[in-house]
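The values are calculated or read from the model by the stated rules, or taken from the named source; none is laboratory data. A quick note: this is a predicted structure, and the numbers were derived from the prediction, not measured. Using ideal geometry, Cβ is built from the backbone for each residue, glycine included, and neighbour counts are taken over all protein chains shown.
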Amino acid sequence: MAFRNLTSGEIAQLEAQGCSAMSWSDVEVAQDFEARYVHHVRFSGHNKIGVFRREIEMPGGLKVHSGIYNATLHNVEVGDDAHLYNIHNYIANYHIGRNTCIENVNAILVDGKTTFGNGVRVPVMNEGGGREIPIFNELSASLAYILTLYRHRPKMIHELERQIDAYAEAQAAEVGYIGDHVRILNCGSIKNIKIGDYAELMGVSRLKNGTINSNESAPVRLGSGVKCIDFILSSGVEIGDSTLVDKCFVGQGTIFDKHYSAGESLFFSNCQGMHGEACAIFAGPYTVTHHKSTLLIAGMFSFMNAGSGSNQSNHMYKLGPIHQGIAERGSKTTSDSYLLWPSKIGAFSLVMGRHTHHADTSDLPFSYLIENNSESFLVPGANLRTVGTIRDAQKWPKRDNRKDPHKLDQINFNLLSPYTVQKMWRGLEVLDELVTLSGENTEVYGYKNCKIRNSSLKHGRELYMIGIQKFLGNSLISRLEKSAWKTMAEVRAALRPDSQIGLGDWVDLAGLIAPRGEVTKLLDEVEAGQLTLADIQTRLETMHANYYSYEWTWALDKLEKVWGCSVEQVTLEQLKKTVTDWQKAVVNLDKMVYNDARKEFDLNSQTGFGVDGDRSQAKADFEEVRGSFESNSFVKAVLEHIERKTALGNKILEALDKVK
């Protein structure tokens, strides 16, 4: 935009309207500037002012004309059609975008050179230090996972930190930025803050040293009493009701509300924090806590739901708060549960009661960890058959709150994947080893500071077998459906993998499920200085995009072990048996889920309904509120799933019967 000096007539008009300047020659204006929209403004330093041509509609329908009224500006550029009104202290060292509205604000300033929160070190997981993560605008959950947990590769970590520090330095400036179409109303102090387009700040108390990465697709909204210090807020974040954020990265689509307190933590996509507190945590995607009495501390979580009163301890009153724990994806904690760190909880496990013996259940996923008389009892595989687990897997994709087309986190929502199925496979080995060591008739087995009852072990083994059969069958049928085949040669051709990528162990990089080999290759290239931060993000996105190709490579390798031969020698009967086993596994699991759902409609669940009548009134009241079991949408979906998968299996079997 071209600017010019004020004319003598404009200066006279401004002075008549209560304006003053240290030097009018340091005030430049746009070509079509009209002085009538600038009243009672004090100018200091070098200022540039745009044109004011439009009205702005405030909440409630009040319309005000763009312009500057009752303000002190020092080294400020004001964009076209901005509206500044009642700046109680001053605005200093800022570029303010077009169509932005700022009213009733105490102070907005940049004081010296700042990186706007980029490069701030967050002592995540371990309050004693050693895992400090430099946050920056483009930090993804997967990159943060590597920075946090791959400290055994110091050269690679040093290279990543060097690049992030360089990125932070590139963001450094002595002038702040407030984007286009921003609204800042009734706020307190805003210092060293960069604000993206379309952000809404309503009644914010204090912001210091941070970036608000708002944009038109995914605006950031901050509400009454919010305080944020040393932070990065990603697009689509919403924070309200006196929430405190101190030294945190907050990922896309995350919501904090109701006096939540978050300190020295990383939160990634679609997290929710209300009422409670987080300290030094790594909150992977979909970490959710809604209760005032819940504390998450010094742990790593993802796809997690924390019950009321959930708590962990990282301090044994010896060398300080140096302990840490991990709850792998999909873990849940019930009300008043407790974990003494260090502990490691397996994927999709449910924690009930208080556990003080440093349990490690990572090789036994989908389990219940239950306290009984101060002992930790493990029920392997029990969570595979519960309605809650299936419901969680269905709801996560539907609750993706990210509107930004540029998604930082690569999120795989699959309940069954090479990551979880390899754990079930390992779980079978663990359970068999326990029986071999202690005997088939042992009443209670000991395992990594937990106890497993004989009946739980046997049932867990059955559940893991069903889960494995379901996954392998899913993969086989998905592969067969992708192409047409009529001969056994064509079937074998359809089943050949696209590449060898996918063999071996898999890892969960805080939402991104990928082969360990590909991750190791990536880290080797980072360590060698061959990849930029943008290159790393592209590679992570590529791994995510190619998931199903890699998954089939892994699944076929396991199927070949089951068949006892390669895909080139597999017989028609072996393929049909795999499909039949898959049908049985799907139906058996769905029936277990169906029966688990029925518990939500039994007589005990009707307690408190129809309070002033008999049992029939209670039933009628219950069905008016909750509906009947048969009409429940989830229950109907389970029955439809059984029918659909049975029909699919029959279709594949019929097609295989015709193979020549």
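Before moving on, here are some points about what is shown:
- Filtering segment 207-245 to residues that are in a strand (DSSP E or B), within 17 Å of MET274 (Cβ to Cβ) and either among the acidic types (Asp, Glu) or over 20 Å from the mean Cα position of the chain (by Cα) (or both) leaves LYS227, GLU238.
Every residue, every condition in (1) within 21 Å of MET1 (Cβ to Cβ); (2) charged (D, E, K, R); (3) out of contact with any helix residue (DSSP H, G or I) (no Cβ under 8 Å at 6 or more places or on another chain), yes or no:
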site: LEU84; (1), (2), (3): yes, no, yes
site: HIS88; (1), (2), (3): no, no, yes
site: ILE102; (1), (2), (3): yes, no, yes
site: LYS113; (1), (2), (3): no, yes, yes
site: GLY119; (1), (2), (3): no, no, no
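- Among (1) touching a Pro at 6+ places or on another chain (Cβ under 9 Å); (2) assigned to a loop (DSSP other than H, G, I, E, B) - the single one VAL204 does not satisfy: (1)
- Test set (1) β-branched (Val, Ile, Thr); (2) without any contact (Cβ under 8 Å) to a residue 24 or more places away in the chain; (3) not in a helix (DSSP H, G or I) - VAL567 fails condition number: (2)
- For ALA35, the conditions (1) of a type outside the set (Lys, Arg); (2) touching a helix residue (DSSP H, G or I) at 6+ places or on another chain (Cβ under 8 Å); (3) surrounded by fewer than 16 Cβ atoms within 10 Å (Cβ to Cβ) all hold with the exception of (3).
- For segment 335-390, the candidate set comprises residues that are over 23 Å from the mean Cα position of the chain (by Cα) and of a type in the set (Lys, Arg); within that set, the residue that is farthest from LEU416 (Cα to Cα) is ARG354.
- Annotation: of all residues in segment 41-88 being within 40 Å of the chain's Cα centre (by Cα), over 24 Å from ASP111 (Cα atoms) and of a type in the set (A, V, I, L, M), the one that is modelled with the highest pLDDT is VAL64.
- Failed item, numbered, when ARG206 is tested on (1) surrounded by fewer than 24 Cβ atoms within 10 Å (Cβ to Cβ); (2) at positive phi: (2)
- Qualifying residue in segment 421-437 (condition: over 30 Å from ALA555 (Cβ atoms) and either in contact (Cβ under 8 Å) with a residue 60 or more places away in the chain or under 36 Å from the mean Cα position of the chain (by Cα) (or both)): no
- Checked against the criteria, SER308 counts as of a type in the set (S, T, N, Q) and surrounded by fewer than 24 Cβ atoms within 10 Å (Cβ to Cβ).
- Residue check, ILE239 at pLDDT 95 or above, over 27 Å from GLU127 (Cα atoms) and buried (at least 24 other Cβ atoms within 10 Å of the Cβ): no
- The set of residues in segment 135-158 that are crowded, with 19+ Cβ neighbours inside 10 Å and under 11 Å from LEU533 (Cβ atoms) comprises PHE136, ASN137, LEU139, SER140, LEU143.
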